[in-house]
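All remarks here apply to the structure that follows.
Just so it is clear, none of the values below were taken in a lab; they were calculated from the coordinates. Values in this document were obtained by computation on a predicted structure and should not be read as measured data. Heads up, the Cβs are rebuilt from the backbone with ideal geometry, glycines too, and the neighbour counts pull from every protein chain shown.
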């Protein structure tokens, strides 16, 4: 008999808080550290209430130093702890880049598994909330490219909680990107307590037969709205939330390509060497998928320019119209 | 451990407690200092209101830090370099930045980071402490060119935790670069108090590690700040190297308009400081004690408000953001990916496929 699990409607950011709370409760080796995560409960309130519940030894307000946060988390992780390191905004992660690319991602390999780095780096990312300069970056491609770190991006409260718990339990470094724009965009049913959403698995959020739209994070609502708009024209799009950007869910992508033969990839990160390029190559590398293609793969992405100051961010971001335009192009192809 | 007593010239009651600079404290200078601080405060409050009304984006207030920002900016020479953070528009406007452009910055516009022609003011630093190295480099360039221009760089207490802080001080020290590291220790890096940021008792003492002069001043005393910066500037101009100045001050308000300081500190301390050591208040007392106060000064607020309102009007009369600012300033000459993407953007806007 299935036990009834209590669910409530909560926001994505509340789901993240619950995930950390659940794991802090279950596993005494879990720590939260970052700038303003303690007394203040995080600048977005992601760690709200955790300091009061678990105290300053486990919810740690660090000095203002991203390289310091990640570098010390590596040491903590190698020596028995499971740090959840918060980088206040993804655009501020770069001072820690060296620690991630040369250390966090290589310790397992360098020591043939003697030392490992079971660490989660959480960072709010993305544009569209009128944030100040450099607070809106979407540089996930840098980390997808980087060997040795998994990259996870939820787009709804249920996945956010399950994926963050899975990330905390993962034996290796995970970059967990949180779409700032969706933090409080809506409430969804989320179970209380522990559950996981597996890393490496995408989800089909809308079934369709004509076109496949692959997206993730804050672009999911854009992809879905464009698909709904095209539905009125009689075009049935399948929409897939990738959820994990590395490693990709090859099987699900392949199955959908074989079903529709027409692909649109949507991401707000920059175009050149962005995830769309990798997915295109992945389809090319999978012969059955490649041979199912009925049209050139399309992509709607951020431009190859720095994410602009907010007066121009709507021009920078992929729009419903831009995705719809690609749907129409493929439908008529 | 070297001791770093806090230098003060005028105390909270407006009394002259150090008369070494008495002769240089002309009525013109002290009145100018007062007016600039009043102006900065009015501008800051206006910006907070504009944000509340949705007329600009997230704003970073500096109220309480006027003496540090105005005093340091007035001590510079017109042609010096300034490297501010996002909280230092009190300094940049005193140093001659365009009010309209500062407002545009907070309205998410690229024009906002552009200083008036000929002013050497860098865009506000956003990633913490990155600007210390830029200032060091720019001042290094002046040294290589053989000029006597110097650079001043602003940063907060939190910035001293970043690697870039230490790298900046070290480079400046190794190459004896004419740069002033001007720290405003306002007690908090967002929610984290200075006592949690560092175990050191002062920021000034961090200069010791780089064999650099470290100075600690009352950052709410505009004269103490002014003369400390002036001396550091003169020293740098004659080739005697960099200085680290810690101006001890207090941010009255939130970190930004998105922040709620009551989450992490008791605002009663702010109220107490406002009553006892306010930068503007103490200068007003000083002016009154010395008979420099007159009705015209009292009326200055009206004059300043009119100037600020005119700048707001100018900002709001600007046409919408120019799409060329998105595409055309990444490179001197845009490579094909940007040109293609720009064409695609315009095609979609035009509704043609």
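Brief remarks on what is shown
- Taking the DSSP bridge list for region B:76-197 and keeping only pairs wholly inside it, about 15 percent are antiparallel.
- A simple packing score, the average count of other Cβ atoms within 10 Å per residue, orders the peptides A:204-211, A:135-142 as A:135-142, A:204-211, with the highest score first.
- For region A:69-156, fraction of C-alpha pairs farther apart than 23 Å, in %: 24 percent
- Using alpha-carbon coordinates, inclination of helix A:275-285 to the longest axis of chain A, degrees: 60 degrees
- Computed from Cα atoms alone, the Kirkwood hydrodynamic radius reported for region A:261-313 is 12.2 Å.
- Considering helices alone, the calculated mean residue ellipticity of chain A at 222 nm is -9500 deg cm²/dmol, with DSSP H runs of length four and up weighted by -39500 (n - 2.57) and normalised per residue.
- Peptide-level mean, for A:128-134, of C-beta atoms on other protein chains within 10 Å: 6
- With Cα atoms, 0 to 90° folded angle of helix B:222-237 axis to chain B main axis: 70 degrees
- Gap separating the Cα centres of region A:2-76 and region A:105-175, nearest whole Å: 15 Å
- Ordered by the count of other Cβ atoms within 10 Å of each Cβ, fewest first, B:324, A:45 give B:324, A:45.
- Along its three principal directions, the equivalent ellipsoid of region B:1-112 from the Cα gyration tensor extends over semi-axes of 30, 15, 15 Å, largest first.
- Least to most buried among A:76, B:76 (fewest other Cβ within 10 Å first): A:76, B:76
- Using distinct alpha-carbon pairs, which all enter the 1/r mean, Kirkwood radius of region B:34-89 in Å: 12.2 Å
- Look at the alpha carbon pairs under 8 Å that are at least 6 residues apart: their mean separation over the length of chain B gives a relative contact order of 23 percent.
- C-alpha center-to-center spacing [region B:90-114, region B:159-224] in angstrom: 25 Å
- Whole-percent pair-distance distribution, where bins are 5 Å wide, for the alpha carbons of region B:46-203: 2, 9, 18, 20, 21, 16, 9, 4, 1, 0
- Equivalent ellipsoid dimensions for chain A as semi-axes, Å, which come from the Cα gyration tensor, largest first: 33, 21, 20
- Counting Cβ atoms of other protein chains within 10 Å of each Cβ in B:314-327 and taking the mean gives 3.
- Computed from the Kirkwood radius of its Cα pairs, the Stokes-Einstein diffusion coefficient for the protein assembly as shown at 37 °C and 0.692 mPa s stands at 121 µm²/s.
- Per residue, the convex hull volume that the Cα atoms of region A:203-332 enclose (Å³): 96 Å³
- Between A:151, A:101, A:117, the residue with the greatest mean-square fluctuation in the GNM of chain A (Cα pairs under 10 Å linked by springs) is A:101.
- With respect to chain B, whose longest principal axis is taken over its alpha-carbon atoms, helix B:267-276 is tilted by about 60°.
- Note on B:51-60: average number of Cβ atoms from other chains within 10 Å of each residue's Cβ is 2.
- Selected from B:87, B:77, B:20 as most flexible by GNM, with chain B as the system and alpha-carbon contacts under 10 Å: B:20
- Here the ratio of the Cα radius of gyration of region B:129-230 to 2.2 N^0.38 Å is 1.07.
- For chain A: relative contact order, % (alpha-carbon pairs under 8 angstrom, 6 or more apart): 17 percent
- Per-bin percent of Cα-Cα distances, region A:1-46 [5 Å]: 5, 17, 21, 24, 17, 9, 4, 3, 1, 0
- Cα-only radius of gyration and Dmax that characterise region A:7-191, units Å: 15.2, 45
- Convex hull (Cα only) mean projected area of chain B, reported in nm² to one decimal: 20.5 nm²
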